[in-house]
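None of the figures in this text is laboratory data; all of them are computed from the coordinates on show. Quantities reported herein were computed from a predicted structural model and do not represent experimental measurements. Positions of Cβ are backbone-derived with ideal geometry, glycine not excepted, and every protein chain shown enters the neighbour counts.
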């Protein structure tokens, strides 16, 4: 027995050595057989996020958004109810949605070529897009599978925007200096210097003045590196241009010479200036309704090209942004060749289901005009048998459906209505077209965006008007909006607020774009009025829809919504009826759905200031607006 053990021990030791040798070789061989990962370098430092970068099925390099942007000093917010991500860095606000190719940069709509996704509870996004959105540089090394992102620091302000209702401009940095001028809220002035609590600004005629920092905010230069300027210009210190012929996997460069978008002028001509400041000389005039290519963005100004080819600067508040449509199609649209082959209509309960048959799922634009809903399908041709271009229905809310070749590459589908209707759409189950559901509009199931005016947004703090005893408009606006939201939700509506506290993650125009992105049915902006005169009082409701413009197609609906709210609100709160008015407010100009701005009462009036600050009065305001919205949906 002892001999067998003795002679077996060397064999056992040999076996153990062989196993250790095999295991050691195997462990050393693992890196050679594993798929190499993507290395991430941020501003020259290699980092190792919990969820590493990878290349998706579309060949795009995906990186963890929050990790990258917070490392670069940005703020990242998650909007749970819409699966959206909002990134703020300097003067740039980026918004993206999980599973959607839609995105926006400072309210400008962008179409991505791949979709953000959640991976391990981490939002993964295409690296090229997010870095360029903030004016950064990207370098991809295919051999080492390394992506480098370089973002410069956020630059200082070049302008100052006034945030008080009417702001004194003084001869020096203090309240004991003489008043040189009084300017309204929203005025943008060139920033020339500062003292503790004061900004020095340039006035007309080259004069210098001072404004209290309590009633003004810096405007960051969006054309500087790191503040969202055009990618590829003036790379940040220490950055490198991506080597030629060495792009990210599958990434292409934006078309050379293509405008950033179009500035669509409203119903009145606007001035074009020599530079991005209201103190610059005028170099031209843009006619009402004109569409001007945008070549640069600088703060709240767009460099545009006039019809004669000359370029100048236009205040973005005086026009509406529209995506640039290159010849042959629009961004994200289907390519020419899509065929519209027919239409069928069948009842679906109390609604009607209209199936527009096509050679594939298509995108479209909608508008309305004189009891018609209009759907335009770009990049499409009509291919229905002769005589089948019209389908008679004669069942509320639809009289008939008509198809036509509107332009050489656009098919127009017209829904002639014989009653009020709301339309929703989804792709056909076989991907052979789209299904449109027409039903009677109702408050229940509607999607409504409420905008409590003012508050801190991406451009800084904005208290709105301030009453004689210090009541702030932003606070009472929010209180009334929250009470209205509760009433609407109890009636079955889906309600979204542009802010639910002090902070709004959107610019002024961005509040409207937010509603557009949601596909809202209505947009309600709540404000408190103000005047130089403490005796001014009353209630008014504004809409905006100039005839002979795209918004003009909604003129009757917008006016009807404003009239319904004004009537019910005056009845509920008993203040002076100032009527339904029309004004070119940004949130009304940029919304695609019927929208109103309600001036509930004058916070500058001592009596109405105290009413606005009263929870009981706030509840009556909410009840009045709620009844007006209900009347609108009921067709009254």
task: Write down the Kirkwood hydrodynamic radius of region 39-150, to one decimal in angstroms, obtained as one divided by the mean of 1/r over all alpha carbon pairs.
output: 14.1 Å
query: Taking a quarter of the surface of the convex hull around the Cα atoms of region 552-636, what do you get in nm²?
result: 5.9 nm²
task: Could you calculate the FRET efficiency of residue 372 with residue 307 from 1/(1 + (r/R0)^6), where r is the beta carbon distance between them and R0 is 35 Å, rounded to 0.05?
output: 0.65
- prompt: Once you put a point 7 Å from the Cα of residue 442 and another 7 Å from the Cα of residue 41, both along the Cβ direction, what distance in nm separates them?
  reply: 6.2 nm
- prompt: Taking square-rooted eigenvalues a ≥ b ≥ c of the alpha carbon gyration tensor, is region 447-633 rounded, prolate or oblate, where a/c under 1.5 means rounded and, failing that, a/b exceeding b/c means prolate?
  reply: rounded
field: Dimensions in Å of region 466-559 - Rg and Dmax from alpha carbons
entry: 15.6, 45
- prompt: In terms of the Cα gyration tensor, with a ≥ b ≥ c the square roots of its eigenvalues, is region 392-455 rounded because a/c is under 1.5, prolate because a/b exceeds b/c, or oblate?
  reply: prolate
- prompt: If you wrap a convex hull around the C-alpha atoms of region 381-523 and split its volume per residue, what is the figure in Å³?
  reply: 175 Å³
task: With a point put 7 Å past each Cα toward its Cβ, work out how far residue 500 is from residue 295 in nm, to one decimal.
output: 4.5 nm
task: Along Cα→Cβ, 7 Å out, is where each label goes; now give me the distance between the ones at residue 607 and residue 122 in nm to one decimal.
output: 6.2 nm
query: Using every alpha carbon pair in region 338-439, what percent of pairs falls into each 10 Å bin from 0 up to the bin containing the largest distance?
result: 16, 54, 29, 1
query: On full extension of the chain, what length is gained from residue 536 through residue 80, given 0.36 nm per residue of separation minus the C-alpha to C-alpha distance?
result: 160.0 nm
Fraction of alpha-carbon pairs over 19 Å apart in region 261-322 - percent: 13 percent
